[in-house]
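Trainee: My questions all concern the structure below.
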Amino acid sequence: MEAERSQLAAESFAAPALKVLLDARKIRDGGIGVSTENLICGLLEQPGVDLSVILRGDAVDSAELRRSDWFNKISVIEDNAEPYSYDELFRLPRRIDFSNFDVYHVPHYTLPFGVNIPTVITVHDLI
């Protein structure tokens, strides 16, 4: 009985899952794409992480990605904003409700304006 109470108490104080939104629109773009796919796999292995990714429509429809071990373990938000475009910088934040997430991760250096949650930006190469 005491063990059951301890278990219930521990479960009632468990932190909610961290809701991570990862911009994976460059998943098929060379080294950044490989790094992004590895990041997805790593985040899925972490307990307490609820992962959603932004993918372009062509990636969502890709038979190759659909065969990936991770594809059916994530929530997908489809958005076709071209990388480094006006649409990405100014319109994408209007189409995605960032308030549904705790953190936004961009695996390249372009951060759209108006993202109102903590953000991680990865810069892969500095020249």
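Trainee: For the range 93-127, give me the residue count where each residue is aliphatic (A, V, I, L, M), within 28 Å of PRO16 (Cα to Cα) and open to solvent by 50 Å² or more (accessible area, probe 1.4 Å).
Mentor: Just the residues of the range 93-127 that are aliphatic (A, V, I, L, M), to begin with: 96, 103, 106, 111, 115, 117, 120-121, 123, 126-127.
Filter again for within 28 Å of PRO16 (Cα to Cα), leaving 96, 103, 106, 111, 115, 117, 120-121.
Of the ones still in play, those that are also open to solvent by 50 Å² or more (accessible area, probe 1.4 Å) are 111, 120-121.
Count: 3.
Yes/no matrix, rows are residues, columns are (1) modelled with pLDDT of 90 or more; (2) basic (Lys, Arg):
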residue: ARG66; (1), (2): no, yes
residue: SER75; (1), (2): yes, no
residue: ASN80; (1), (2): yes, no
residue: ARG95; (1), (2): yes, yes
residue: HIS105; (1), (2): yes, no
residue: LEU111; (1), (2): yes, no
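Trainee: Restricting to the range 73-87, and then to whatever is closer than 22 Å to SER62 by Cα and among the acidic types (Asp, Glu), can you tell me which residue is surrounded by the most Cβ atoms within 10 Å (Cβ to Cβ)?
Mentor: ASP79
Trainee: Can you name the condition, by its number, that PHE90 falls short on among (1) open to solvent by 70 Å² or more (accessible area, probe 1.4 Å); (2) closer than 22 Å to ALA17 by Cα; (3) outside any loop (DSSP other than H, G, I, E, B); (4) at pLDDT 90 or above?
Mentor: The one condition PHE90 does not meet is (2).
The values are calculated or read from the model by the stated rules, or taken from the named source; none is laboratory data. Computed from a prediction, not measured in an experiment: that's the story for all the values here. Every residue, glycine as well, gets a Cβ built from its backbone with ideal geometry; the counts of neighbours run over all protein chains shown. For accessibility, only protein heavy atoms count, side chains too; no ligands or nucleic acids. Shrake-Rupley method; radii C 1.70, N 1.55, O 1.52, S 1.80 Å.
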